[in-house]
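S.K.: Next up is a structure, given as structure tokens.
The values are calculated or read from the model by the stated rules, or taken from the named source; none is laboratory data. If you're wondering where the values come from, they're calculated on a predicted model, not measured in any experiment. Note: ideal-geometry Cβ built from the backbone for every residue, glycine included; neighbour counts use all protein chains shown. Just so you know, the surface numbers come from the protein's heavy atoms only, side chains and all, with ligands and any DNA or RNA stripped out. Shrake-Rupley method; radii C 1.70, N 1.55, O 1.52, S 1.80 Å.
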Amino acid sequence: MAISVAVDLAPFNTLALPGKAARYLKITAAEQLADPALAAERRFILGGGGNLVLTGDFDGLLLHMAIPGRRLLSEDREAWYVEAGAGENWHDFVQWTLAQGWPGLENLSLIPGTVGAAPIQNIGAYGLEVGERLHSLTAWDFARRACVSFDRVGCRFGYRDSLFKQQGWHLNGRLAITNVVFRLPKVWAANIQYGEVAGELADIATPTASDVAAAVVAIRRRKLPDPAVTPNAGSFFHNPLVTSAAAAALKEKYPALPCHPQPDGRVKLAAGWLIEQAGWKGKALGPVGMYEKQALVLVNHGGASGADVRRAMLAVQAAVREKFGLELSPEPVFL
Ligand code: NAP
């Protein structure tokens, strides 16, 4: 097993924060994970590094999930079942499914990261969450020293949430997702419930899945910074979910407040709007700021450390708390 030592992690996190892993191993096949030597020490399991705040050096073993592969597993009258390795690039995988004529993931185009990381925070955008299309996944469980499978219900998906986050298994390196199977229904309708997507497609009478993907890509390219140019970790805060009474009270004070009622009776508020109103859109503290075109995205303007990110995060949280009395919680994992 080719474990490397003192590996620079800056290229492996999209915020480009500095830090080294004491030990590093690239995983390209699930079988590698069964080696007893890997079970012995503190681990962190890394996908695309797009949801990570590196706070310094990591004094453990970093397992970089790079398992490749994508294939049609089976199909029945109702759906295609498509499998991908955890290391596949998410956007490339989505575009590949569309090219094969299997729609269903198009609203999640251009989300940075890997297939294996997608279920952990139940990535979502423009009215679709990955959990809605996930059939099952396979993982290596370091505690049980066994390969385990979870179906969709077993993943306990929530809003940007899953069993793997709830149990702390992702953060403590207990479980490494190796493969994911998606169920893509053959009966398809364009999901254009989000106004921006509908607006982008206004000139097309009956948009195809590829049209929806192109619209999402165009919107995201306009609003979101490319991590290769401006390092960032996508949406930095969760959208707060509040009671309907709390939302109504805020709406009275701030009539422009965007409110999205949820099936469970709560109301989703837009964290980006709250941050903008609190004066943080385009504002920076040292080398870290909130992006000028989308206040929900925290960016590294150059040379930032994990401590700089934490400082800016606390300042944004304080500003939103002071203005709205709301707590913003960060989406990325801190290591
Ligand atoms: P936006 O259009 O400015 O809207 C702000 C928020 O309002 C969004 O976060 C979205 O919540 C919610 N929203 C808007 N229209 C809605 C509708 N019709 N029904 C229910 N909720 C609605 O949003 P944005 O910040 O540019 O983001 C657009 C989409 O891309 C969102 O879905 C967002 O989650 C996603 N996105 C994800 C990332 C990431 O890193 N994961 C980064 C940027 C954007 P939801 O977030 O719950 O959809």
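S.K.: With respect to the numbered conditions (1) within 19 Å of residue 160 (Cα to Cα); (2) more than 15 Å from the ligand (Cβ to nearest atom); (3) among the charged types (D, E, K, R); (4) open to solvent by less than 50 Å² (accessible area, probe 1.4 Å), which one is the sole condition not fulfilled by residue 308?
M.R.: (1)
S.K.: Another one. Scan segment 233-248 residue by residue and report those that are within 8 Å of the ligand (Cβ to nearest atom) and hydrophobic (A, V, I, L, M, F, W, C).
M.R.: Filtering segment 233-248 for residues within 8 Å of the ligand (Cβ to nearest atom) gives 233-235, 239.
Scanning segment 233-248 gives a single hit, 233.
S.K.: Of the residues that make up segment 264-273, is at least one open to solvent by 70 Å² or more (accessible area, probe 1.4 Å) and within 27 Å of residue 309 (Cα to Cα)?
M.R.: No, segment 264-273 has no match at all.
S.K.: So how many residues does segment 260-289 have that are part of a strand (DSSP E or B) and within 12 Å of the ligand (Cβ to nearest atom)? Before you say what the answer is, go through the steps one by one.
M.R.: Going residue by residue through segment 260-289, those that are part of a strand (DSSP E or B) are 260-261, 267-269, 284-285, 288-289.
Restricting the remaining residues to those that are within 12 Å of the ligand (Cβ to nearest atom) gives 260-261, 267-269.
Adding up the residues that qualify gives 5.
S.K.: Next up: Just checking, does segment 271-284 include any residue being over 21 Å from the mean Cα position of the chain (by Cα) and aliphatic (A, V, I, L, M)?
M.R.: For segment 271-284, residues over 21 Å from the mean Cα position of the chain (by Cα) and aliphatic (A, V, I, L, M): present.
S.K.: Looking only at residues in segment 249-259 that are outside any loop (DSSP other than H, G, I, E, B) and in contact with a Leu (Cβ under 8 Å, 6 or more places away or on another chain), which one is nearest to the ligand (Cβ to nearest atom)?
M.R.: Checking each candidate, the answer is 259.
S.K.: Yes or no: residue 55 open to solvent by 20 Å² or more (accessible area, probe 1.4 Å), among the polar types (S, T, N, Q) and touching a helix residue (DSSP H, G or I) at 6+ places or on another chain (Cβ under 9 Å)?
M.R.: Yes, satisfied.
S.K.: Could you list, in sequence order, the residues of segment 95-106 that are of a type outside the set (Asp, Glu) and in contact with a helix residue (DSSP H, G or I) (Cβ under 6 Å, 6 or more places away or on another chain)?
M.R.: Step one: of segment 95-106, the residues of a type outside the set (Asp, Glu) are 95-105.
Listed by number, the residues that qualify are 98, 103, 105.
S.K.: Filter segment 282-304 down to residues that are of a type outside the set (Gly, Ala, Ser) and surrounded by fewer than 19 Cβ atoms within 10 Å (Cβ to Cβ), then give me how many there are.
M.R.: We begin by selecting, within segment 282-304, every residue of a type outside the set (Gly, Ala, Ser); these are 283, 285, 287-288, 290-294, 296-301.
Then keep just the ones that are surrounded by fewer than 19 Cβ atoms within 10 Å (Cβ to Cβ); that gives 283, 285, 287, 292-293, 301.
So the answer is 6.
S.K.: Now a separate question. Could you give every pair whose Cβ atoms fall below 9 Å, whose first residue belongs to segment 107-123 and is in contact (Cβ under 8 Å) with a residue 40 or more places away in the chain and more than 9 Å from the ligand (Cβ to nearest atom), and whose second residue is polar (S, T, N, Q) and in a loop (DSSP other than H, G, I, E, B), counting only separations of at least 6 or pairs across chains?
M.R.: 117/51; 119/162; 120/51; 120/162; 122/162
S.K.: Check residue 317 against each of (1) closer than 30 Å to residue 173 by Cβ; (2) within 16 Å of the ligand (Cβ to nearest atom); (3) of a type outside the set (Phe, Trp, Tyr) and name the one condition it does not meet.
M.R.: For residue 317, the exception is condition (2).
S.K.: What tally of residues in segment 231-248 results from selecting those that are in a loop (DSSP other than H, G, I, E, B) and crowded, with 17+ Cβ neighbours inside 10 Å?
M.R.: At the first step, the residues of segment 231-248 found to be in a loop (DSSP other than H, G, I, E, B) are 231, 236, 238-240, 243.
Subsequent filtering for residues that are crowded, with 17+ Cβ neighbours inside 10 Å retains 231, 236, 238-240.
So the answer is 5.
S.K.: State all residues of segment 258-272 that are of a type in the set (A, V, I, L, M, F, W, C) and closer than 13 Å to residue 317 by Cα; if no residue qualifies, say none.
M.R.: Result: 271, single match.
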